[in-house]
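Taken together, the values in this text are just the output of simple stated rules run on the coordinates, not laboratory data. This one's a predicted model, so the numbers in the text were calculated from it and none came from an experiment. Using ideal geometry, Cβ is built from the backbone for each residue, glycine included, and neighbour counts are taken over all protein chains shown.
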Amino acid sequence: MDKININIKVEDESLMPSYETLGSAGADLKANEEGVLMPGQRKLIKTGISIELPAGYEAQVRPRSGLALKHGISMVNTPGTIDSDYRGEIGVILINHGDAPFEYKKGDRIAQLVIARYSRAEFQICSSLSETERGSGGFGHTGK
């Protein structure tokens with residue numbers, strides 16, 4: 001497993017992202033506020049942290065499966081991408097797909113942060129693409 005040092009600015013040390021197990025790919029992000037998310041409502045929840053990623057890395061913000069299963073809480077843009085040149089506070093856009101209000105408190109785990117390498121493409125214009133078995137078959141093309 002690769003490890004990378006990430007500089008982090010945090011308003012309150014209790015908000016530090018944390019890996020819950022040795023095998024966790026995502027570090028939990030915590031709410032830096034309290035509130036209620038009503039059914040059908042979406043809201044930007046602040047985390048109280050800012051990070052400095054090296055060039056060639058991104059941070060992906062992903063929903064927590066337990067919140068999705070138990071309360072219908074997910075993210076509107078999933079995964080959210082934090083670029084290496086962004087230095088602002090990380091926010092999580094949560095949505096309540098459930099049928100009951102969802103109350104959250106400061107320090108509650110609301111999302112996961114996954115650090116990933118990426119490559120930039122150099123796009124080349126061409127007149128045709130190579131053939132494959134699938135071809136241009138779209139959504140649901142390969143069956144169930």
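Screening A68, A25 for residues that are under 14 Å from the mean Cα position of the chain (by Cα), in a helix (DSSP H, G or I) and either surrounded by fewer than 16 Cβ atoms within 10 Å (Cβ to Cβ) or on the phi > 0 side of the Ramachandran plot (or both) leaves exactly one candidate, A68.
Listed here are the residues, each with its yes/no results for (1) under 30 Å from M16 (Cα atoms); (2) more than 19 Å from the chain's Cα centre (by Cα).
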| site | (1), (2) |
| --- | --- |
| H97 | yes, no |
| A100 | yes, yes |
| E122 | no, yes |
| G137 | no, yes |
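Among the residues of region 28-62, the ones that are part of a loop (DSSP other than H, G, I, E, B) and touching a Ser or Thr at 6+ places or on another chain (Cβ under 8 Å) come to 6 in all.
Residue count for region 80-118, restricted to those that are among the hydroxyl-bearing types (S, T, Y) and without any contact (Cβ under 8 Å) to a residue 40 or more places away in the chain: 3. Scanning region 46-65 for residues being more than 12 Å from the chain's Cα centre (by Cα) and not hydroxyl-bearing (S, T, Y) gives a total of 9. All told, G107 meets the bar of being assigned to a loop (DSSP other than H, G, I, E, B) and either among the β-branched types (V, I, T) or more than 17 Å from K9 (Cβ to Cβ) (or both). The single condition among (1) surrounded by fewer than 13 Cβ atoms within 10 Å (Cβ to Cβ); (2) in contact with a strand residue (DSSP E or B) (Cβ under 9 Å, 6 or more places away or on another chain) that D99 does not meet is (2).
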